[in-house]
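All of the numbers you see were taken from the coordinates with simple rules; none came from a lab. Here the structure is a predicted model, which means the values were calculated and not measured. A quick note on method: Cβ atoms are made from the backbone with ideal geometry, for glycine too, and the neighbour counts reach across all protein chains shown.
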Amino acid sequence: MTQILSGVVLVLVPFVRPVRRRYGAAAVTMALGAASVALTVAVWSLGRWAEGQRWAGLLGLVELAVLLLSVVVGLRAEDGPWCAAAAWTACGAVALWPSRFVFIEGPADTLTLFGFGSMLSLPAVLIGLYLRGLDEVRNKAVAEARRAQRLELAHDLHDFVAHDVSGMVAQAQAGAYLAGIDPARAAEMFQRIEQAGQRALASLDRTVQLLRSEEGGGRGPQAGLAELAEVAERFTATGGAAVRLELPEEPVPREVEGTVHRIVVESLTNVRRHAPAAREIEIRARRSGGRLELTVTNDGRAPGSAGRPRRGGGSGLPGLAARVEALGGSLEAGPHEREAWRVTAVLPLEEAGAGPTGSWEPRRDG
């Protein structure tokens with residue numbers, strides 16, 4: 001009759017998800033380990049199982065697998081004394097499991113149980129700690145990439161403010177001269193000064209929010225949409241996939257241009273590294289209302305097999321996502337249709353200070 005108890009721990013498995021969601025992975029590990037220890041103590045009191053009892057042994061092996069998996073997941077997800085206590089409880093339950101079948105008589109049996117528990121538990125502990133280390137390294141890299149992208153954007157905005165202000169000074173000087181001889185042209189000049197001032201104020205607001213460092217002096221010109229045609233030509237000429245490029249006819253704010261340029265370059269780099277079978281890449285940037293919608297689609301599977309993102313991947317796209325979010329937009333990457341992969345970014349134009357930003361010639365390829 002005591003064999004019925006062999007499924008007690010497994011009955012708790014359906015409750016793992018809600019408990020983990022509310023209390024954490026360590027709580028799940030502690031609960032399963034404590035239930036297993038309690039079951040072992042109950043078997044000691046009611047009578048040990050015979051080694052030939054099939055269901056008790058089979059369900060016991062599944063129970064051991066559940067306990068070891070909970071140790072791996074708990075150590076990977078959490079840290080601290082509570083997590084360590086939960087792991088010790090589950091590992092202790094694993095070590096005590098054989099005592100449900102045999103009596104513990106003397107130091108030799110105790111050493112046997114310790115060896116059994118160590119043989120099974122030590123790999124689970126090491127795997128959990130190793131996976132947690134990998135997660136910490138990746139999270140640190142992503143956080144650093146996000147910080148670098150935010151600082152890069154902040155420096156870009158600072159450059160834009162400096163450009164607008166210097167232009168305002170020059171136009172104000174010209175307007176003061178024209179005010180006496182050609183009031184109509186002077187009025188147009190002052191209107192352009194007002195527009196440049198509004199763009200500078202919008203950029204300055206974002207700079208104040210983002211700039212947290214004095215690093216990054218001596219920077220070159222910022223790349224924008226006009227340079228994407230050359231980027232596409234170079235990518236195709238070096239043996240990559242054929243690139244079809246579509247750019248908007250109307251000008252867009254310079255910070256949006258710089259962000260779009262970086263997204264496209266990062267996407268092409270990922271295609272080169274992770275989707276060598278791709279034969280065609282479509283880059284499409286279109287204005288839609290007050291937004292710029294950018295899509296980069298390739299016809300080869302990019303960051304992962306079976307249409308899934310690579311686990312433990314790089315931090316380029318997460319860093320760019322932080323840059324896009326800082327501008328009030330969104331960035332997503334994932335499988336598209338069958339074997340395709342698509343990066344999609346939506347960037348607001350009005351919030352980024354849309355308006356006349358100077359003349360540039362949009363170029364198209366294909």
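How far apart, in nm, are the 7 Å Cα→Cβ label points at Leu46 and Met119?
2.8 nm
Length gain on complete extension for the stretch Thr344 to Ala38, per 0.36 nm per residue less the alpha carbon to alpha carbon distance?
Difference between extended and current length: 104.9 nm.
Any idea what the alpha-carbon Rg over 2.2 N^0.38 Å comes to for region 34-122?
Taking N as the residue count of region 34-122, the ratio is 1.11.
What FRET efficiency do you get for Val102 and Val19 if R0 is 41 Å and r is their Cβ-Cβ distance, rounded to the nearest 0.05?
For R0 = 41 Å, the calculated efficiency reads 0.80.
Can you compute the modelled spin-label distance between Arg284 and Leu129, with each label point 7 Å from Cα toward Cβ, in nm?
Calculated label separation equals 5.2 nm.
So how far apart, in nm, are the two label points at Asn139 and Thr269 if each is 7 Å from Cα heading toward Cβ?
So the two model labels end up 2.5 nm from each other.
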